[in-house]
Amino acid sequence: MTFHDRLKQGSPLLATFVKTPHPMVIEVLGGTALDALILDCEHSPFGWADIDRAVLAARAVGKPILARLPDDQPTGLLKLLDMGADGVVVPHVSTARQARDIVRAAHYGDGGRGFATTTRAGGYGRLGMKEHLDASAAPTILVQIEDPAAVDNIDDIVAVPGISGVFIGPADLAIAYGVNDLSAPRVIDAMTRVIASARKAALPVACFTGSSGAVKALYDRGVTLVALASEHTAIQSFFSDEALAPLRARVSDPMD
């Protein structure tokens, strides 16, 4: 079953953002119980060669991989899908027209994705046209809802055929609404509206959280895919003062 199929199935899924542009990080995370990895190409220094190596590493360890691109430009979508990524998270999608343009650019057809099988996705020429078209028919396309305009237009956005789901960015919503608290009523109300609209349209909802303690609450609210923090957060948490204090105490206790 593909990641796209699992997402549509509605079972709770857990991913994390990858901030470090090195394939070894992907290999390490490939040994975890995470359902998918998301390259953060918007807020981290990923170049195209870095993305290519990360996708190659993910395929080698059998871990589904998406990438959050910096923008919605067709050239980026084309390159990412040709590399063989499972899908894309597109930031700052605020209108149905923008969502339709993204879907068109990510699919083959008139005015859409340029065709080539001489890519990783096409088996470097080993796949025939029909075989490649069939394999590429359903990329995961998550449109990120992180602006007030997107919330206002959410019913039209979720009605666009071809999008796989919506991805809520709570922090950007908070900033856009002029608050610095993710639990502010305006943020909660906006998230509730987006989740309700997506569920009515039978679309999965993804959402970011930096706290493992918030994961169950998001599932309970109707979120299907939770993007939990990043490998940076995991490293910092493991070696935080709070985590290391008991170890230091035992070392300094001569009676232990």
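Annotations
- Looking across region 139-163, just one residue is over 15 Å from residue 69 (Cβ atoms) and of a type in the set (S, T, N, Q), and that is 153.
- If the condition is being in a helix (DSSP H, G or I) and touching a residue at least 24 places away in the same chain (Cβ under 8 Å), then region 119-151 contributes 133, 148, 149, 150, 151.
- Hits in region 82-119 (condition: of a type outside the set (A, V, I, L, M, F, W, C) and within 14 Å of residue 162 (Cα to Cα)): 87, 97, 98, 100, 101, 104, 107, 108, 109, 112, 113
Let's see how each residue does on (1) closer than 18 Å to residue 159 by Cα; (2) of a type in the set (A, V, I, L, M, F, W, C):
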{"residue": "174", "(1), (2)": "no, yes"}
{"residue": "177", "(1), (2)": "no, no"}
{"residue": "186", "(1), (2)": "no, no"}
{"residue": "195", "(1), (2)": "yes, yes"}
{"residue": "200", "(1), (2)": "yes, no"}
{"residue": "208", "(1), (2)": "no, yes"}
{"residue": "214", "(1), (2)": "no, yes"}
{"residue": "233", "(1), (2)": "no, no"}
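- Residue that is nearest to the chain's Cα centre (by Cα), among those in region 1-53 that are among the hydroxyl-bearing types (Ser, Thr, Tyr) and farther than 20 Å from residue 121 by Cα: 16
- Residue in region 88-107 that is over 26 Å from residue 153 (Cα atoms), open to solvent by 30 Å² or more (accessible area, probe 1.4 Å) and modelled with pLDDT of 95 or more present: no
- Residue 137 vs. criteria closer than 29 Å to residue 224 by Cα, among the small types (Gly, Ala, Ser) and surrounded by 13 or more Cβ atoms within 10 Å (Cβ to Cβ): no
- Of the residues making up region 233-241, at least one is surrounded by 11 or more Cβ atoms within 10 Å (Cβ to Cβ) and in contact (Cβ under 8 Å) with a residue 12 or more places away in the chain.
The values are calculated or read from the model by the stated rules, or taken from the named source; none is laboratory data. Fair warning: this is a prediction, and the values are worked out from it, not measured in the lab. Heads up, the Cβs are rebuilt from the backbone with ideal geometry, glycines too, and the neighbour counts pull from every protein chain shown. The protein model used for the area step is the full one, side chains on, heavy atoms only, and it has no ligands, DNA or RNA in it. Shrake-Rupley method; radii C 1.70, N 1.55, O 1.52, S 1.80 Å.
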